[in-house]
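Okay, structure first, notes after.
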Amino acid sequence: MTVATPTILLCAGGTGGHLFPAESLAHALRARGVRVALATDARVDSIATGFPASEIVTIASATPSGRSLVKRGTALLTLGRGFGVAAREIRRLNPAAIVGFGGYPTVPPMLAGQILRVPTILHEQNAVMGRANAFLARGARAIATGFKEVRGVPAKALAPRTHTGNPLRPAVIAAAATAYPPLGAEGPLHLLVFGGSQGARVMGEVVPKAVASLPADLRARVHLVQQVRSEDLTAVQNLYLGLGLAGLETAPFFKDLPGRMAAAHLVIGRSGASTVSELAAIGRPSILVPLPGALDQDQAANAATLGAIGAALPIAQGAFTPDRLAAELLDLFTNPEKLTAAAASAKSAGIHDAAERLADIVVATAART
């Protein structure tokens, strides 16, 4: 008698920050002989094409936020249509369990699964539970978290909660094998700056001016790699001209970012869940500037987890000025033992097997159906 291969439906969309952990889990599940399907939305079609799933279904979604009642109403109608499509696809796929990674694109398939009595599992990447996950948490069979302490979990969410960490891409696991580069009194200083689509502009406004304020002998040791928005690229490059840097590379996007993180003595960036988890896994010190204006202040909470153990220096964007950054860079570059200690602290917080931990929960939950 042939036993059918179980199907696990993963739900992730909106951003790569949700999709990449789902991709890592998909690899872990497929290695166990589990069939994987992905439900996502049209916004990530371009990066979902290489997703390791037997099948990818696109489900319409929208975010019902903002002040406009018309836009909120339209978003709710879109979510409603997405729910109908999701229910039909779930009946067809007949998954043994459904795993959601947060964001409103997961609401239609996760809610449909709960109504159809399919076991659902939530993974919360941030140190503050997002609104979509909080909405779905009461119907979940299990909740996995990227951070040990997570705020904002509803009191009525009674499912067992497990700290798994955030699943990491294979490129991050490979980069984590690279030891922290030796930092001498006269050697090169490798600085990596990135901020994603929502954060690169402030980096382009602040970092060049801060570097320009450093003593000439320090600037002559700096090898700087910086992500810059396409529209700001020429202006930022011009700011660095004549500073006498040892090396400079700017680009709108770096495909090999984990490898560049591993080569850095210091990273300056935002504090999304994936970034914080990757910094810990690879073991690199950082200056983190949480994205301001977020309703849940999740990036601030993420940055605080590394700040509490001396692995990172969180700076609110309002305080992230050229003078402040120049002072911090001067202190760190002239006291390299601080960077070495911060790198060790970051490494101590890294979780490399988060995908396997999460796969254990998924398989166990599915087996109880």
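The values are calculated or read from the model by the stated rules, or taken from the named source; none is laboratory data. Not measured: the values here are computed from a predicted model. A quick note on method: Cβ atoms are made from the backbone with ideal geometry, for glycine too, and the neighbour counts reach across all protein chains shown.
The residue that is nearest to Ser277 (Cα to Cα), among those in the range 309-363 that are more than 21 Å from the chain's Cα centre (by Cα) and not in a helix (DSSP H, G or I), is Phe320.
From the list Ser277, Ser271, the lone residue that is touching a residue at least 12 places away in the same chain (Cβ under 8 Å), surrounded by 24 or more Cβ atoms within 10 Å (Cβ to Cβ), part of a loop (DSSP other than H, G, I, E, B) and on the phi < 0 side of the Ramachandran plot is Ser271. Here Ala144 fits the description: crowded, with 24+ Cβ neighbours inside 10 Å and within 20 Å of the chain's Cα centre (by Cα).
How many residues are farther than 21 Å from Gly195 by Cα and either exposed (fewer than 15 other Cβ atoms within 10 Å of the Cβ) or outside the structural domain of Arg201 (by TED's automatic domain parsing) (or both) if we restrict to the range 318-339? Here the count works out to 4. So if I check each of Ile315, Ile309, Ile287, which one is crowded, with 21+ Cβ neighbours inside 10 Å and of a type in the set (A, V, I, L, M, F, W, C)? Answer to the check: Ile287.
Taken over the range 280-301, the criterion of being closer than 20 Å to Ile173 by Cα and either free of Cβ contacts under 8 Å to residues at least 24 places away in the same chain or part of a helix (DSSP H, G or I) (or both) is satisfied by Ala280, Ala281, Ile282. Among the residues of the range 85-116, the ones that are within 17 Å of Ala60 (Cα to Cα), touching a residue at least 12 places away in the same chain (Cβ under 8 Å) and of a type outside the set (A, V, I, L, M) come to 11 in all. For the range 220-242, the tally of residues that are exposed (fewer than 14 other Cβ atoms within 10 Å of the Cβ), among the aliphatic types (A, V, I, L, M) and more than 29 Å from the chain's Cα centre (by Cα) stands at 1.
Does the range 237-268 hold any residues that are under 15 Å from Ala176 (Cα atoms) and either among the small types (Gly, Ala, Ser) or in a loop (DSSP other than H, G, I, E, B) (or both), and which are they? Matches in the range 237-268: Asp256, Gly259, Ala262, Ala263, Ala264, His265. Beta carbons closer than 8 Å, at least 6 apart along the sequence or on distinct chains, pair a first residue in the range 207-222 that is within 15 Å of Pro188 (Cα to Cα) with a second that is among the charged types (D, E, K, R) for Val211/Arg219; Arg221/Glu186. Of all positions in the range 178-195, none carries a residue that is without any contact (Cβ under 8 Å) to a residue 60 or more places away in the chain, in a loop (DSSP other than H, G, I, E, B), assigned by TED's automatic domain parsing to the domain that holds Phe101 and not basic (Lys, Arg).
So, Ser61, is that one under 18 Å from Pro105 (Cα atoms), within 22 Å of the chain's Cα centre (by Cα), at pLDDT below 70 and part of a helix (DSSP H, G or I) or not? No, not satisfied. Count of the range 117-146 residues, restricted to those that are in contact (Cβ under 8 Å) with a residue 24 or more places away in the chain and either among the polar types (S, T, N, Q) or in the same structural domain as Asn302 (by TED's automatic domain parsing) (or both), is 3. Being surrounded by fewer than 23 Cβ atoms within 10 Å (Cβ to Cβ) and either among the charged types (D, E, K, R) or modelled with pLDDT of 95 or more (or both): is that true of Leu245 here? It is true that Leu245 is surrounded by fewer than 23 Cβ atoms within 10 Å (Cβ to Cβ) and either among the charged types (D, E, K, R) or modelled with pLDDT of 95 or more (or both).
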